[in-house]
1. Output the residue which, of all residues in the range A:108-163 that are loosely packed, with under 15 Cβ neighbours inside 10 Å and basic (Lys, Arg), is farthest from the other protein chains (Cβ to nearest Cβ).
2. What number goes with the only condition from (1) at the interface with chain A (Cβ under 10 Å from one of its Cβ atoms); (2) closer than 19 Å to residue B:123 by Cβ; (3) in contact with a strand residue (DSSP E or B) (Cβ under 7 Å, 6 or more places away or on another chain) that residue B:86 does not pass?
3. Can you work out which of the residues in the range A:50-81 that are of a type in the set (D, E, K, R) and either surrounded by 13 or more Cβ atoms within 10 Å (Cβ to Cβ) or within 13 Å of another protein chain (Cβ to nearest Cβ) (or both) is nearest to residue A:154 (Cα to Cα)?
4. Which of the residues that make up the range B:20-52 are within 8 Å of chain A (Cβ to nearest Cβ) and crowded, with 20+ Cβ neighbours inside 10 Å?
5. Which numbered condition in (1) surrounded by fewer than 17 Cβ atoms within 10 Å (Cβ to Cβ); (2) within 9 Å of chain A (Cβ to nearest Cβ) is the only one that residue B:150 fails?
6. Determine which member of the set B:42, B:14, B:23 is touching a residue at least 24 places away in the same chain (Cβ under 8 Å), under 29 Å from residue B:357 (Cβ atoms) and of a type in the set (Ser, Thr, Tyr).
7. Please give the helices (runs of 4 or more DSSP H) falling wholly within the range B:208-308 in which 1 or more residues are open to solvent by 10 Å² or more (accessible area, probe 1.4 Å) and more than 23 Å from residue B:89 (Cα to Cα).
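The values are calculated or read from the model by the stated rules, or taken from the named source; none is laboratory data. Remember, it's a predicted structure, so these values are computed and weren't measured experimentally. We place every Cβ from the backbone using ideal geometry, glycine too, and count neighbours over all the protein chains shown. We work out accessible area using only protein heavy atoms, side chains counted, and drop any ligands, DNA or RNA first. Shrake-Rupley method; radii C 1.70, N 1.55, O 1.52, S 1.80 Å.
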Amino acid sequence: MKEHVYETVYLREKDFQEGRVLFETWDPNARYAWDAGIAIGRFLQELKAGRLVGTRCANCGRVMVPPRMFCEHCFVPIDEFVPLEDTGTVITFSLCYVTWDMVRIEEPQIPAVIGIDGASPGMGIMHLLGEVDPKAVKIGMRVAAVWKPPEEREGAITDILYFKPL
Amino acid sequence: MGRNRVAIVGAGMTKFVRRAQETAKELAWKAASKALESCELTLDDIDAVVVDTAPDAFDGIHMNAEYLSDGAGGWGKPVIRGYVGGGTGVFAAIQGWYHVASGLFDTVLVVCEEKMSSCQPHPQGAFLTIFDHTTERPLKPNLLWIFALEMNAYMSRYGLSKKDIALVAVKNKRNAADHPAALLGDPDITVEDILNTEVLAWPVQRGDVSPISDGAVALVMCAEHVARRVTDKPVWVEGVGWSLDTAYWTNRDLSYPTYVEEAARMAYKMAGITEPRKQIHIAEPYDPFDYKELHHLEGLLLFDKGKAPEATALGITQRDGDLPVCPSGGLLGVGNPIAAAGLMKVAEIFWQLRGEAGARQVPGQPKRGVAQAWGDLMQVGTVIVLGI
């Protein structure tokens, strides 16, 4: 099938340094402001108050987090918010040694999916782990939210600084 | 439901490179012209065009597929663009199939193009926008997190080691050494080479990941009466399937791709496949990360859950094994220009079933193969079954 492959011109860093190829650049100026919506709006309000909440579908009974105003399985509206614990279990985690643009970092960030106590099994949220030796992190580890001081909370997911081992 | 029989009769592609001098339009033209040339058709023979490319944000061009449509042969024709993230390449062939199967068109040109290099300083800048804007992005996520979290969930569920998984990268990069369009083929690479690459987001290391790439791939698909006139070796589309899981990815079981199983079941039913392990001879599952090949083989029902690594270690998935997997070299070896990479997999099955894969040809004259891709918010499975 070699005859069905069209050659392409592979550009190397040197080609740019030596000015052998021309190019144009552009910096987009596109800013966004997202409305939190009904379910997540309430979620953020509760975070500001130092609480985690989910929603319960009256039809299938699932307690969901992040909360939604509809059940994507039953396709019915949900209006029941239920308080959840601010503790949970590490479902999975990573030790991340690079920034998004591939610059190395010494102390790893520890993103995790954390199953929240009080929600249905498997219902997790993404957050970070802290106050823990990276080598000691395990799937199944019990963790608790570390909150910002009340006066610094702003109604955002970052009102929880991270989760630490219980 | 009446459907017309659909064949693939031609395929072409560009060489995949880290950064191509060619623009998106030029890459699309190169692949499209090679596909037409391969079956001795011209653009006049084409009734409609499918042009697929992944996020507009990579190129920084809104309506990017429409922008590059001239290069894809779209001028003055019915053109459609599809986009299901990483699942796009296989989905493009599915779109080509239903254009013809519906009876609306006889001959369709399917073109997938990707130029990831335009996005500076790193295409992750565009990728990051897949995270939820309110509940996730304020945590300043890195796209690798989502794969690392999934890979760790998979490894932990089945007690797998990094070595079990690195064997996939070794196999695919070695296979790619025989692919004339490959970016990262290496006949001598070893499992130690992969295990010694830098850790990015544990358990993901550099060697577990496919490279950022530029490239394009094209197919010609047509109705049976056209196919019989054009070639004596048509490759038939026997089944197609696709399925989307929830976008609430932190609520999913990350150790198993249910969306792939659902897509595979749809495609197998259409193809009349009741025992995929006996009836499928060759597979090109989506492998942007080495663990994903294993994940997807299980989702495609070709191995039991958690058993694809053992099959890999036993050599079953080698090119001369009982079920050759990614004989092309896959995304890990040939490269990963997103939409184009998926369509490359369909093209590989086409060439393998025709016995035209050259040094990559699997032994035993395979009669049926499956190609699969994965994407959107890591939640879509797209599957196509081809046969002769």
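1. Applying the filter and picking the extreme gives A:142.
2. Only one criterion is unmet by residue B:86, namely (1).
3. Looking at residues that are of a type in the set (D, E, K, R) and either surrounded by 13 or more Cβ atoms within 10 Å (Cβ to Cβ) or within 13 Å of another protein chain (Cβ to nearest Cβ) (or both), I get A:51.
4. B:20, B:22, B:27, B:30, B:31, B:34, B:35, B:38
5. All conditions pass for residue B:150, except number (1).
6. Within the list B:42, B:14, B:23, the selection yields B:14.
7. Values: elements: B:224-230, B:258-271, B:276-279, B:290-299.
Those helices (runs of 4 or more DSSP H) span B:224-230, B:276-279.
Residue-by-condition table, conditions (1) touching a helix residue (DSSP H, G or I) at 6+ places or on another chain (Cβ under 8 Å); (2) more than 30 Å from residue B:327 (Cβ to Cβ); (3) among the hydroxyl-bearing types (Ser, Thr, Tyr); (4) at pLDDT below 95:
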{"residue": "A:8", "(1), (2), (3), (4)": "yes, no, yes, no"}
{"residue": "A:23", "(1), (2), (3), (4)": "yes, yes, no, yes"}
{"residue": "A:50", "(1), (2), (3), (4)": "yes, yes, no, no"}
{"residue": "A:54", "(1), (2), (3), (4)": "no, yes, no, no"}
{"residue": "A:61", "(1), (2), (3), (4)": "no, yes, no, no"}
{"residue": "A:64", "(1), (2), (3), (4)": "yes, yes, no, no"}
